[in-house]
Amino acid sequence: MSRRLPASFGPGTEHGENSRGKDKPSLELLSFHSIEALKEVGVTEVVLAINYQPEVMLNFLKDFESKLDIKITCSQETEPLGTAGPLALARDKLIDGSGEPFFVLNSDVISEYPFAELIKFHKARGGEATIMVTKVDEPSKYGVVVMEEETGKVDRFVEKPKIFVGNKINAGIYLLNPSVLDRISLKPTSIEKEVFPKIAADQKLYAMVLPGFWMDIGQPRDYITGLRLYLDALRKKSPYKLAVGPHIVGNVLLHETAVIGEGCLIGPDVAIGQGCVVESGVRLSRSTVMRGVRIKKHACISSSIIGWHCTVGQWARVENMTILGEDVHVCDEIYSNGGVVLPHKEVKSSILKPEIVM
Amino acid sequence: MGSSEERVVAVIMVGGPTKGTRFRPLSLNIPKPLFPLAGQPMVHHPISACRRIPNLAQIFLIGFYEEKEFALYVSSISNELRVPVRYLKEDKPHGSAGGLYNFRDYIMEDNPSHVVLLNCDVCCSFPLPQMLEAHKGYGGMGTLLVIKVSAEAANQFGELVADPVTNELLHYTEKPETFVSDLINCGVYIFTPNIFTAIEDVFMQRKDRANLRRATSFEALQSAAKALPPDYVRLDQDILSPLAGKKELYTYETLDFWEQIKTPGMSLKCSGLYLSQFRHTSPQLLAAGDGTRSATIIGDVYIHPSAKIHPSAKIGPNVSISANARIGAGVRLISCIILDDVEIKENAVVIHAIIGWKSSIGKWSRVQGEGDYNAKLGITILGEAGSVEDEVVVINSIVLPNKTLNISVQEEIIL
């Protein structure tokens, strides 16, 4: 496909909003996989709508750009603009005169990305906007999309319904015609509550059911589960991308530049980023290790997220949803049980109960 | 004073099984006095201190454990030190003075000039030869080892007042409610044989008083019912308090360490104190290594010759490893006691903990205490034949014998 399809990443859905404004390491890995999928359907430029200091992002954006051969720019809001406002802010970047639709993805969700099918669906229905929806067990917790099952035409939205009106909810992945931007002004606006209901009222909003898994990873625990689902899907589709070897258990995504020492046991459900060094005798399970991390000898990490350029000391134990921000150093022999550590900190004493380390 | 006429007999009070309850679960399968500190049975430390006394004739252990529990130890230590060590079993607790008196015929059989008396659950440097010299200089019936502690801690012990010039014991009171003094009784004494006369006097007084009561009022009858058995004589309340200020008792102050070993937490601390004492007294008992041919050793560490330690392990400070323990590759041990036949597998971490006999610690598992020796769950204790499975974390917990842990626990007592 030769079409130019800009894409935009919104800062969060209504139910994932708690992650807004945090310098969250999860973005790196997730963005990578969704941007890769966008590239496959001919997207040539990605706009990241962000609301925190861009220098944190900029470093790895350069990597993405060269690796995926795709243009990535940032559009930074100076005041919170909700879930629609950032699109108005990036209006010039999203409109190129071709009249082709653009993608909007929420960075708080992880799923399979059937973008080609979405484009086909959108063209076939001829609506102004198409949103992807996913089936949930407990629709009463979410905003439910009431739609015609046959055509996918959206009738209305019902927020946290007390009686059953449907079991499909907004998955946070949209394909929008440029005309949608005319419905959004540059002020705090909710795309879910203010923009989509109006398009639906005009009979121009369609919903496509997302096949496969979907996960709101606004919470770290969900993120770890999301990673597991993603790796499961990868096992089915592209198993060659997963690491193999005597020290690997289950699904492990290992960057080609990462180094693993002797006597390690890695997996299941582990992603290890670029340039990481994992020394000998290390145990890793159910965790994401971002770019440039060093994990020293005999350390044991489970169910945790290790941010960029962290070091984890010898015989350290990091577990139970510990989240290390960028450039955190965990000293030798330290135990962290669910510690959330802000960037650039040194952890010198054990964290026995989950807490935020400022 | 010709040394030929001088003979010293040492008596170590070891208590009995009903007294070691605070030491559970470690006292469930070994008498507390035989629990290893710095790789040696607890009672071994005072015994080897007694051995340094010139003209030591004999050592008695007095307690109400079964004889067979001490038989093996007593015979091996007698051989090792070439001094007779005997275990004397009390039929029931008589108090420390009562116990001493009960066995006066044994104690006096060598016609000693001095009797050293100490409690087994005391951890200190036992400066007995110096104390004996001081005692001879004072010319009294007895000398107590004393130490200064913080005013807040003092009321846990016997508080006493000593004359700053003559060192005479002026006043003694056991565990007072209000502050008396920051000088406390260490539970280490040297007496002349006159101590038996002093104890006998207490018996006589008791008998007289009991006879008197029998003859008099109803009120006295009631208080007699509450009184201790007539043959129970405490050293502190019944001997030290009444004799204070009568030029009979003197004090010798130690500036070294002193602790009482009532709990497993304290045993870990005391193991460390004895290990650091080895640095001066028995450096040959301490391990060394830099990770090339043998494990990396940090600080004071005792490793039994039969224990197998992988060279990639890192051990110390304050670690004591008993017989036949197997420590795997990449294991990290800090401040802990590893008992006989324990296996610790690859990359496991043990910090501030006591690992019971025949226990097994899995790969990448972690057994840790906060390291507060006085808190109930300040160190983690794994009872005999415990098993911690791979990657499991056990923090600030006490695990009774024969338990398998396959999920992580924190601040728990696993029954």
### Query
In the range B:75-118, what residues are in a helix (DSSP H, G or I), hydrophobic (A, V, I, L, M, F, W, C) and buried (at least 17 other Cβ atoms within 10 Å of the Cβ)?
B:Ile77, B:Ala97, B:Leu100, B:Ile107
### Task
Select from the range B:373-391 the residues that are in a strand (DSSP E or B), over 11 Å from B:Pro264 (Cα atoms) and within 14 Å of chain A (Cβ to nearest Cβ) and list them in ascending order.
B:Val388
### Task
Those residues that are buried (at least 20 other Cβ atoms within 10 Å of the Cβ) and either assigned to a loop (DSSP other than H, G, I, E, B) or within 11 Å of another protein chain (Cβ to nearest Cβ) (or both), I need them from the range A:272-291; list them, please.
A:Gly273, A:Cys276, A:Gly281, A:Val282, A:Arg283, A:Leu284, A:Ser285, A:Met290, A:Arg291
### Query
Does any residue of the range B:50-62 turn out to be of a type in the set (A, V, I, L, M, F, W, C), within 15 Å of B:Tyr189 (Cα to Cα), modelled with pLDDT of 95 or more and assigned to a helix (DSSP H, G or I)?
yes
### Query
Among the residues of the range B:169-180, is any closer than 23 Å to B:Ser267 by Cα, among the aromatic types (Phe, Trp, Tyr) and buried (at least 20 other Cβ atoms within 10 Å of the Cβ)?
no
### Query
Of the numbered conditions (1) open to solvent by 50 Å² or more (accessible area, probe 1.4 Å); (2) within 30 Å of A:Thr225 (Cα to Cα); (3) free of Cβ contacts under 8 Å to residues at least 40 places away in the same chain, A:Thr78 satisfies every one except a single condition; which is it?
(2)
### Query
Within the range B:119-142, which residues are under 15 Å from the mean Cα position of the chain (by Cα) and open to solvent by 30 Å² or more (accessible area, probe 1.4 Å)?
B:Asn119
### Summary
For the range B:216-244, the count of residues that are in a helix (DSSP H, G or I), at pLDDT below 65, open to solvent by less than 80 Å² (accessible area, probe 1.4 Å) and not polar (S, T, N, Q) equals 2
### Query
Going through the range B:324-372 one residue at a time, which ones are open to solvent by less than 20 Å² (accessible area, probe 1.4 Å) and away from every other protein chain (no Cβ under 14 Å)?
B:Ala325, B:Ile337, B:Ile338, B:Leu339, B:Val342, B:Ile354, B:Ile355, B:Gly356, B:Ser359
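If we only count helices (runs of 4 or more DSSP H) wholly inside the range A:65-143, which ones have 3 or more residues that are in contact with a Phe, Trp or Tyr (Cβ under 8 Å, 6 or more places away or on another chain)? Reasoning before the result, please.
Values: elements: A:85-89, A:91-94, A:115-125.
By residue number, A:115-125.
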### Task
Could you list all residues from the range A:304-333 that are open to solvent by 20 Å² or more (accessible area, probe 1.4 Å) and more than 11 Å from chain B (Cβ to nearest Cβ)?
A:His309, A:Thr311, A:Met321, A:Ile323, A:Glu326, A:Asp327, A:His329, A:Cys331
## Note on the structure
Within the range A:252-271, residues within 14 Å of chain B (Cβ to nearest Cβ), open to solvent by 40 Å² or more (accessible area, probe 1.4 Å) and assigned to a strand (DSSP E or B) come out as A:Leu265
### Message
What's the total number of residues in the range A:155-179 that are open to solvent by 40 Å² or more (accessible area, probe 1.4 Å), modelled with pLDDT of 90 or more and in a strand (DSSP E or B)?
### Response
3
### Query
Restricting attention to the range B:392-415, and to residues there that are over 24 Å from B:Lys269 (Cα atoms) and more than 14 Å from chain A (Cβ to nearest Cβ), which single residue is surrounded by the most Cβ atoms within 10 Å (Cβ to Cβ)?
B:Leu405
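Assess whether A:Phe121 counts as being aromatic (Phe, Trp, Tyr), in contact (Cβ under 8 Å) with a residue 40 or more places away in the chain, over 21 Å from A:Leu38 (Cα atoms) and in the same structural domain as A:Lys39 (by TED's automatic domain parsing).
On the way: aromatic (Phe, Trp, Tyr): yes; in contact (Cβ under 8 Å) with a residue 40 or more places away in the chain: yes; over 21 Å from A:Leu38 (Cα atoms): no; in the same structural domain as A:Lys39 (by TED's automatic domain parsing): yes.
Answer is no for this residue.
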### Query
Since A:Lys297 meets every condition but one in (1) within 22 Å of A:Arg228 (Cα to Cα); (2) in contact (Cβ under 8 Å) with a residue 24 or more places away in the chain; (3) within 10 Å of chain B (Cβ to nearest Cβ), which condition does it not meet?
(1)
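Could you list, in sequence order, all residues of the range A:235-250 that are more than 14 Å from chain B (Cβ to nearest Cβ) and touching a Pro at 6+ places or on another chain (Cβ under 6 Å)? Write out each step before concluding.
Here is the first cut: in the range A:235-250, the ones more than 14 Å from chain B (Cβ to nearest Cβ) are A:235-246, A:248, A:250.
Passing the criteria: only A:Gly250.
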### Query
Restricted to the range A:340-354, and to residues that are in contact with a strand residue (DSSP E or B) (Cβ under 7 Å, 6 or more places away or on another chain) and within 14 Å of chain B (Cβ to nearest Cβ), which residue is surrounded by the fewest Cβ atoms within 10 Å (Cβ to Cβ)?
A:Lys353
### Message
Test of understanding: among A:Ser107, A:Ser98, which residue is under 24 Å from A:Ile184 (Cβ atoms), under 20 Å from the mean Cα position of the chain (by Cα) and open to solvent by 10 Å² or more (accessible area, probe 1.4 Å)?
### Response
A:Ser107
### Query
Mind checking whether some residue in the range B:191-198 is polar (S, T, N, Q), under 18 Å from B:His135 (Cα atoms) and within 22 Å of the chain's Cα centre (by Cα)?
no
### Query
Conditions: (1) basic (Lys, Arg); (2) in a loop (DSSP other than H, G, I, E, B); (3) in contact with a strand residue (DSSP E or B) (Cβ under 9 Å, 6 or more places away or on another chain). B:Arg279 meets all but one. Number of the miss?
(2)
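The values are calculated or read from the model by the stated rules, or taken from the named source; none is laboratory data. It should be emphasised that the depicted structure is a prediction, and the values quoted were computed from it without experimental measurement. Every residue, glycine as well, gets a Cβ built from its backbone with ideal geometry; the counts of neighbours run over all protein chains shown. In case anyone asks, the SASA skips ligands and DNA or RNA and just uses the protein heavy atoms, side chains included. Shrake-Rupley method; radii C 1.70, N 1.55, O 1.52, S 1.80 Å.
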